[in-house]
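Reading through the C-alpha cells given below for one structure.
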There are 2 protein chains.
Amino acid sequence: MATLIAPAQHSPVEDAEAVHKACKGWGTDEKALILILGHRTAAQRQQIRLAYQNIYQEDLVNRLESELSGDFERAVYRWILEPTDRDAVLAHVALKKVSPDYHVIIEIACIHSPEELLAVRRAYQLRYKRSLEEDVAAHTTGDIRKLLVALVSAFRYNGDEINARLAKTEAEILHDAIKDKVLNHEEVIRILSTRSKAQLLATFNRYRDEHSTSITKKLLGEGDKGNGFSAALRTAIRCINDSNKYYEKVVRNAVKKVGTDEDALTRVIVTRAEKDLKEIKEIYYKRNSVSLDQAVAKETSGDYKAFLLTLLGNED
Amino acid sequence: MATLIAPAQHSPVEDAEAVHKACKGWGTDEKALILILGHRTAAQRQQIRLAYQNIYQEDLVNRLESELSGDFERAVYRWILEPTDRDAVLAHVALKKVSPDYHVIIEIACIHSPEELLAVRRAYQLRYKRSLEEDVAAHTTGDIRKLLVALVSAFRYNGDEINARLAKTEAEILHDAIKDKVLNHEEVIRILSTRSKAQLLATFNRYRDEHSTSITKKLLGEGDKGNGFSAALRTAIRCINDSNKYYEKVVRNAVKKVGTDEDALTRVIVTRAEKDLKEIKEIYYKRNSVSLDQAVAKETSGDYKAFLLTLLGNED
C-alpha cells in the first residue's frame, strides 16, 4: 500500500499557480512546494506540470531544478517525473557512474512487472535515443554484462501457471552451478532471465526444500570472485523473491551508512511511496525496532527531511 | 507492396455464409474458399472468423482444419490466423522440430520492427503460456542459443539517428571476430542484438567500405565450425540488411529443392502477401529470369498451387 497522502480532487491550475508563487522572487518557499507536490499522485503531478507549461510557457521541471539544490532538488526532480520516465533516468544515472550501480538496473528489471519494464524501456528510448540494453551493454563488462543485458531484455510470461517438474530440474541446475562455482554459467542466467516470476518462486522454494537453506544464503556462503557477479545474482533473486524485503534492506543500509546514502534512500522512498512503502515500513519496523520515519528524521535534515517524511505519510 | 488483391468493402456475414456453404455436405468446394479467403485482408479475415463464430457457434479455424488437408490446409491455416498469432505459431512449429529451424526464429526477430516483434512475443505468451525466449532457450544449445535468445529478446531503438564513430568501431570488432574465428564472441552477439537497425546498417556499410567485401560474404568465406553458428549470423545480418533480398533467396531455395520446400514457400508467400511480396517477386524475376508465379506454378499443384498463385496476385 501507498504511504502518499493525496486528495481525491485537486485543481491543476491552482496547484500550478501555487507552485509558481512558491518559486517567485527572492528565495523559494520550499514548505509550500512540499505541501503541494508531496501530496499529489503521479497523474496529478503530470496535470500540474501540464498546467504550469500552459500558463507560464515553461517546463516546471526546469524551473524546480533552477530553484532547488542538493538532495532536496534531486528528490523533487525524481518525484515530479512521470514514473516510467523517472526509472529511465534512474537507470541512466546508475549506468553513467564511474562504477555503474548495477543494483539499480537489477531492481528495475526484476521488480517491475513485464509490462512495466517494457514501459521503462520505451521511456528510455524516448529520452536517450538508444535502447536500455544497448547502454547497459556499453557500460558493463564480462559476466555482469551478460546477466544485466538478459535481465533488462526479459519480457517474462506473467501468468500463475507453474511447472513443478521444471522447478525441480532448475533448482538442481542452480545448485550445481553454485557448488561448482561456475556462477557465470549461462544456465543460471538463462533461468533467471527467461522464466516467469511464478516459476522462479517455485524453483527457489524447491531449492530451499531440497537444501535446507535459501539460494541467496547459499550464494552468500560461497563468497564472491571479486567481480560482484555473485552479489548481482543475489540482488536479482531477492528482487524477484520479495521486493519489499529487498527494499527494506536497501533503506536500512542507506540509513546505517556513515553519511547516509541519500541516493538510495531517495530512490526507494520516491519510487515506492505510491506503491508499497507501507509494507516496506512495516518490515523495517519489525527488523529494526525503530520506525523508518524516525530513522529518516534522525539521518536527514531540512527540506529534504521534510519532503521524505511527507512522502512517508508522516503528517507531523 | 502487397500482392494480395482484396475488395475495399466486403460483408463478413455473407463471406462467412459462403465459406460455410463451401464446407457443407460431402466434399469441400476449395475453389470457393480460395476465391473468398484468398482475397481478404488480415482484418477482413478476422471479421469473417468472428461472423462465422457468431452464426455457426464454431471456430472457422477448426472447421477448415477438419475440411482440408496437406500443404493446402497448412497454407490456409497460416493465412487465416491473425498475423502476430501466426508468427507465434510459426516460431513454435520451428522450435518443436527435431532439429529446430532457427532461421524462422531469426526472421521473426530481425525482420519485424521492434513493436512487431513485441506483438509476436505477446501473442506467443497468450497461446503457449510461456515466453518466446524461454522456449527458444529450451530448444537450442550453445552459441546458437545465446544468439537466438538475445535476438528474440531485443527491443531495439527504432530511430534513424546513427553514430558514425560507433559504426567504425563496431565494424572493426566484427571484422576481428570473424578473422580470429571467435564467432561466438559475445561482442558480436551484443552488437547484432542491441543496436538499432539504422546503426547496424551503418556498421555493415562501414565494413564494406573498409574491407571491400560484405560482412556476409566474409562470413561465408570463413566457413562454419559445423554448428551452424556462422550460418545463423549470416541469416541475422541478411534479415537486418535487406529482408526482400533475403526472402527472394528463401523462395529460390525452396523452389529449387528436389521435392520443393513447401513449408518455406508457404511461409514467405503467406507472411509477405500483404506486405512486400511484390518487391520480392521483382527481385526474384531479376535474379532468375523467370517469374515467381511461373516457378510456383511449375513446382506445386492442385488447390495448394491455386491458393499460392491467388496470394501472389495472379488472377488467371
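Since every read-out is calculated from the coordinates, none of them should be taken as a lab result. Everything numeric in this text was worked out from a predicted model, so none of it was measured. Ideal geometry is used to build each Cβ from the backbone, glycine not excepted, and the neighbour counts take in all protein chains shown.
Averaged over peptide B:154-164, the number of partner chain Cβ atoms lying within 10 Å of each residue's Cβ comes to 4.
Once you reduce segment A:117-160 and segment B:166-220 to the center of their Cα atoms, the two points are 22 Å from each other. The overall shape of segment A:237-276, judged from the alpha-carbon gyration tensor, is oblate: a/c is not under 1.5, and a/b is no greater than b/c. Considering only alpha-carbon pairs that sit under 8 angstrom and 6 or more positions apart, the relative contact order computed for chain B is 21 percent.
What the Cβ-Cβ distance of B:K21 and B:S301 gives, at R0 = 25 Å and to the nearest 0.05, is a FRET efficiency of 0.50. Between segment B:1-55 and segment B:261-281, the C-alpha centres lie 20 angstrom from each other.
Between this copy and the others, label points of A:K181 are 3.3 nm apart in ascending order, each placed 7 angstrom from Cα in the Cβ direction. Taking Cβ separations below 4.7 Å as the criterion for a possible disulfide partner, the isolated cysteines in chain A are A:C23.
In this assembly of identical copies, the label point of A:D160 (Cα plus 7 Å along Cα-to-Cβ) is separated from its counterparts by 4.9 nm, sorted shortest first. Label-point spacing at A:G25 relative to the other copies reads 9.2 nm, in ascending order, each point sitting 7 Å out from Cα along Cα→Cβ. Estimated at 0.36 nm per residue, the fully extended path between B:D209 and B:E161 surpasses their Cα-Cα distance by 15.3 nm. The mean number of partner chain beta-carbon atoms within 10 angstrom of a residue's beta-carbon across peptide B:293-300 is 0. Simple rule: put +1 on each Lys or Arg Cβ and -1 on each Asp or Glu Cβ in the protein assembly as shown, find the dipole, and look at A:L151, A:I80, A:T213; the Cα lying farthest toward the positive end is A:T213.
For segment B:133-227, the square roots of the Cα gyration tensor eigenvalues, ordered a ≥ b ≥ c, give a/c of at least 1.5 with a/b no greater than b/c, which places it in the oblate category. Multiplying the residue separation of A:H175 and A:Y285 by 0.36 nm and subtracting their alpha-carbon distance yields 36.3 nm. The mean sequence distance of close C-alpha pairs (under 8 Å, at least 6 residues apart), as a share of the length of segment A:112-248, puts its relative contact order at 22 percent. Peptide B:124-130 is shielded by partner chain Cβ atoms: per residue, an average of 4 of them sit within 10 Å of its Cβ. Evaluate the relative contact order of segment B:223-316 (contact order divided by residue number), counting alpha-carbon pairs under 8 angstrom at least 6 apart; express in whole percent. Over segment B:223-316, the number comes to 22 percent. Could you quickly flag the chain B residue whose beta carbon comes closest to the rotation axis taking B to A, and that distance in whole angstrom? In residue-and-Å form, the answer is B:S153, 2. Among the listed pairs B:K217/B:K281; B:K278/B:K305; B:K96/B:K217, a Cα-Cα separation exceeding 20 Å is found for B:K217/B:K281; B:K96/B:K217. Label sites at A:M1 and A:L220, each approximated as a point 7 angstrom past Cα along Cα to Cβ, lie 3.0 nm apart.
Ignoring aspartates and glutamates fewer than eight residues from A:K129 along the same chain, the ones with Cα atoms less than 17 angstrom from its Cα are A:D85, A:D87, B:E115, B:D160, B:E161.
Within the same chain, lysines fewer than 8 places from A:K218 are excluded, and of the rest, those with a Cα less than 26 Å from its Cα are A:K146, A:K168, A:K179, A:K181, A:K197, A:K245, A:K249, A:K256, A:K257, A:K286.
Each peptide in A:253-263, B:140-150 gets a packing score, the mean of other Cβ atoms within 10 Å over its residues, and the list from highest to lowest is B:140-150, A:253-263.
By its C-alpha gyration tensor, with a ≥ b ≥ c as the square roots of the eigenvalues, how is segment B:1-79 shaped: rounded for a/c under 1.5, else prolate for a/b larger than b/c, else oblate? In terms of gyration-tensor shape, oblate. Listed by chain and number, the lysines whose alpha-carbon sits under 18 Å from that of B:K21, ignoring those within fewer than 8 places in the same chain, are B:K31.
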